[in-house]
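The values are calculated or read from the model by the stated rules, or taken from the named source; none is laboratory data. Only a predicted model underlies this, so the values are computations on that prediction, with no experimental measurement involved. In this analysis, Cβ positions are derived from the backbone assuming ideal geometry, glycine residues included, and neighbour counts consider all displayed protein chains.
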Amino acid sequence: MAEQLSDLLHGCADTVDVPHPDATAIAARGRTMRTRRRAGTVVAAALVVGALGLGGVVLGNALDGEARSSQVAQRGEEDPGSAAADEYAERSAWSAGSGVTIGTTTVDLGSPVAHLAQTSSGVVARLFQGDAGNSFVLVRPDGATVELGIPSSVVHVEGDLAHPRVAWLEVEGETMVAHVWDVDEDREVGRASQPAQEPGGLSGLLGGEAIPVPRLDGDDVYFSVDNDVHFRVDWANGGATALPYAVHSVHDGIATALDDAGAEDGEWLVYDVDADRVLRRLGSDSIDAVVSPDGRQVLTLGQTDEGSAIGALVPVAGGDPVPLAGVGLVSTWAHDGHVVSLDGETSALVRCDAAGTCEREQVTAPDRAQVLLADQLVVG
Amino acid sequence: MPFTAPRGPTDEEFVELVHAAWPSLYRTAVLLVREHALAEDLVQTALARTYSHWHRIRDTGAAQAYARRAMVNATTSMFRRRSFRSERPTGQMPEPPAREPDPAERLDVLAALAQLPPRQRAVVVLRFYEDLSVAETAQALGISDGTVKSQTSDALRRLRSLLGDAVDLPGDRPTTTTARSGGSSSSRSTATPGGHHG
């Protein structure tokens, strides 16, 4: 008589000798994981504070000064919109207090800037308005501002460098919903949702130590519904793919992720999401790994034992990393493929190209504690 | 009935969870990876991950399900990483169990199971060993109900070709039987592809 599959599986497994668990050791390992996860969540904030504390990065006034205005005016005579867009593409954006500098143009938004998200149309500034929540303002490269209709309850938005869109996550019941907002049209253009399965509810994700952060890459939005369940969702048509890793950074379908499954000291991996394969392994020394706008390089950032920043550009397709001299731990990608960094030790704005050639510019700011570089997440 | 803790369960309750969940998780892991040492590490990892969320857990009854999901996901991630490194699970059983009621048959089933892609293997183990419904399996794996059904169908088709007529696989004929769930006994209808409990 034929055996049932269930009976056979139980016959195989139920007779296995089971070793005794060491609950104390498992709990200790769990504590390590929790510490590591929290460290990962707040690493961006630590980077900002740390870099500022090192040497006093000061930005703003110099970039707001007459020389800067003159430069903008001169280029403006040729083609103001194009010139400003070029400056934004080359220099990214940052804020100091309520002032936002995009490219070489500075505007005052009237309230302290809590975050800047880069998009193809400009940066979206989140302004903290006290009990009124947040407001969101699009700052275009020419300095024009548009107050966006993004709900004031939204905690954090992520931008898409190649498109005029931002995204954010919200928990609705037992569902994690990613909202996609077109900043040119100032309206929601799509949303994607997945069941959120965290035991004990999801309050901890929003009300506790972590802010859920999506990643936006064209028609795809990436997000996790808890520490182990990750998705890539086409926000226009809803098609979802479960991923075995949490996307940390993604452009053009090339993603970085920290492979921490089963390990306390995870390794950075570069994935081709479409092909579902690893393109490159980056080791575990870096504390950040961010994909370039064209998906061809990864900016890795780390620290020496003495606390000095180490930056490098790692070609996704292979080859030796290109060291970046003088970049700080607070760095971001500009549209044109330059790495823009704040060097805390010399109070300089540093721009590095793909060959590793870096230019430096001395800068000052009225309140260094409030300086933010675009796409740097500050939490806590 | 699940215990509801107002401020998260205690460490003592975590120890209770470890001892209660360990045997079932370990046996499931053995079915998934065949290697006992690896199975032990995967279960430890899953429970450690559960502990890392312990302060947020309000329902200790759900914690075991969470641990199982973490373990299955860690397993599929592990196989995915191995495939990236051009490594494959071996065809040999590294550590045979202590008691073998029917070694030839047991090896055949385990060997056949090992021939399945990791996700299909997980679907088969969760549905026909853990006795989970389609919806529960989908939730555990973070995939849709439809994917569970199609993966189940594909897996059973593959197993049927590997095991032949020696095994009565769901879908061969309608029947009713008694199966165990995670080591305990419970009555249920035999599953059919895409239709078990769901």
Exercise. If you go through region B:27-53, how many residues are facing chain A (nearest Cβ under 7 Å), among the small types (Gly, Ala, Ser) and surrounded by fewer than 24 Cβ atoms within 10 Å (Cβ to Cβ)?
Worked result: 1
For this session: Please find, among A:Arg296, A:Arg281, the residue that is within 13 Å of another protein chain (Cβ to nearest Cβ), at pLDDT 90 or above and surrounded by fewer than 22 Cβ atoms within 10 Å (Cβ to Cβ).
Result: A:Arg281
Exercise. Between a first residue in region A:99-119 that is over 21 Å from A:Arg165 (Cα atoms) and modelled with pLDDT under 95 and a second residue that is in a loop (DSSP other than H, G, I, E, B) and of a type in the set (Ser, Thr, Tyr), which pairs have beta carbons less than 8 Å apart while being 6 or more apart in sequence or on different chains?
Worked result: A:Asp108/A:Ser98; A:Gly110/A:Ser98; A:Ser111/A:Ser98; A:Pro112/A:Ser98
Seminar exercise, completed: Of the listed residues (A:Ser95, A:Ser82), the one being at pLDDT below 90 and buried (at least 20 other Cβ atoms within 10 Å of the Cβ) is A:Ser95
Exercise. Taking the stated definitions as given, is B:Ala37 closer than 13 Å to B:Tyr66 by Cβ, outside the structural domain of B:Pro117 (by TED's automatic domain parsing) and not in a loop (DSSP other than H, G, I, E, B)?
Worked result: no
For this session: Name the strands (runs of 3 or more DSSP E) wholly inside region A:155-236 in which the number of residues that are modelled with pLDDT of 90 or more and of a type in the set (Gly, Ala, Ser) is 1 or more.
Result: A:165-172, A:175-182, A:187-195
For this session: Output the residues belonging to region A:120-144 that are surrounded by fewer than 17 Cβ atoms within 10 Å (Cβ to Cβ) and either part of a strand (DSSP E or B) or in contact (Cβ under 8 Å) with a residue 60 or more places away in the chain (or both).
Result: A:Phe128
Exercise. Of everything in region B:1-36 that's over 21 Å from B:Leu116 (Cα atoms) and small (Gly, Ala, Ser), which residue is modelled with the lowest pLDDT?
Worked result: B:Ala5
Seminar exercise, completed: Over region A:323-338, the set of residues among the hydrophobic types (A, V, I, L, M, F, W, C), in a strand (DSSP E or B) and more than 14 Å from the chain's Cα centre (by Cα) is A:Leu324
Seminar exercise, completed: B:Glu100 passes all but one of the listed conditions (1) at pLDDT below 80; (2) more than 8 Å from chain A (Cβ to nearest Cβ); the exception is number (2)
